[in-house]
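Report on the following structure.
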Amino acid sequence: MGAKGEALAKQFEAKAQEAVAGIEKLSDADWKKITSAEKWPVGVVAHHIAMAHAGIGGITKALADGKPGPNMPMEALHQMNAKHAQDFAGCTKAETIALHKQNAAAAATMLRDVDDAAFDRSGPVFTGAPAMSAGQMAGILSSHIDEHLGSIRSTLGRA
């Protein structure tokens with residue numbers, strides 16, 4: 001464990017706790033409202049946040065381990081997200097919170113297990129985009145929560 005991994009894990013855990021607190025407060029009516037940004041129900045956006053910890057964390061770990069990134073076309077990411085929105089249209093708040101807690105804990109543990117120097121390793125994550133470092137991907141764990149939680153708050157008028 002290094003200082004960088006610990007700092008990134010603490011930052012991510014704070015964001016993850018903020019997300020859980022926000023999700024727990026959602027009413028059944030809130031859960032079904034369509035977000036203005038993603039055009040998905042709030043519940044699907046919450047589930048997307050929870051699922052993404054594993055994917056983003058996995059890419060972070062791969063890069064830190066010196067493996068290449070997925071070099072995924074952005075269109076493939078959009079298609080994967082759209083499929084997720086369809087597949088989890090009926091997700092419940094309880095299952096989403098459980099998934100969020102499980103995936104957030106795993107991502108935080110992974111961050112703590114990465115040596116500081118390994119956060120500088122990089123590879124292609126998105127086709128046609130500059131390579132990204134494991135440290136940049138680790139930052140996306142937190143910014144991804146901010147982006148989508150902000151969309152939920154905006155949709156519900158709780159900015």
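The values are calculated or read from the model by the stated rules, or taken from the named source; none is laboratory data. All values reported here derive from a predicted model rather than from experimental measurement. Here Cβ is always computed from backbone atoms with ideal geometry, including for glycine, and neighbour counts include all displayed protein chains. When the accessible area is computed, the model is the full protein with side chains, heavy atoms only, and any ligands, DNA or RNA have been set aside. Shrake-Rupley method; radii C 1.70, N 1.55, O 1.52, S 1.80 Å.
In the range 31-52, which residue that is part of a helix (DSSP H, G or I) and open to solvent by less than 10 Å² (accessible area, probe 1.4 Å) is nearest to D146 (Cα to Cα)? Write out each step before concluding.
Of the range 31-52, the ones part of a helix (DSSP H, G or I) are 31-32, 42-52.
If we keep only those that are open to solvent by less than 10 Å² (accessible area, probe 1.4 Å) as well, we get 42-47, 49-50.
Numbers: V42: 14, G43: 16, V44: 16, V45: 12, A46: 12, H47: 14, I49: 10, A50: 12 Å.
Only one residue tops the list, namely I49.
Quick check on my filter: what residues within the range 1-21 are in contact with a Lys or Arg (Cβ under 7 Å, 6 or more places away or on another chain) and in a helix (DSSP H, G or I)?
G5, E6, A9, V20
Which condition does A105 not pass, out of (1) open to solvent by less than 70 Å² (accessible area, probe 1.4 Å); (2) not in a helix (DSSP H, G or I), if it passes all the others?
(2)
Within the range 8-61, can you find the residues that are closer than 21 Å to A107 by Cα and modelled with pLDDT under 95?
If the condition is that a residue be closer than 21 Å to A107 by Cα and modelled with pLDDT under 95, then no residue fits.
Consider the range 108-125. How many of its residues are open to solvent by less than 70 Å² (accessible area, probe 1.4 Å), aliphatic (A, V, I, L, M) and either part of a helix (DSSP H, G or I) or on the phi > 0 side of the Ramachandran plot (or both)?
4
Being open to solvent by 50 Å² or more (accessible area, probe 1.4 Å) and outside any helix (DSSP H, G or I) is the filter here; which residues of the range 63-102 pass it?
D65, G66, K67, P68, P70, N71, P73, F88, A89, G90, T92
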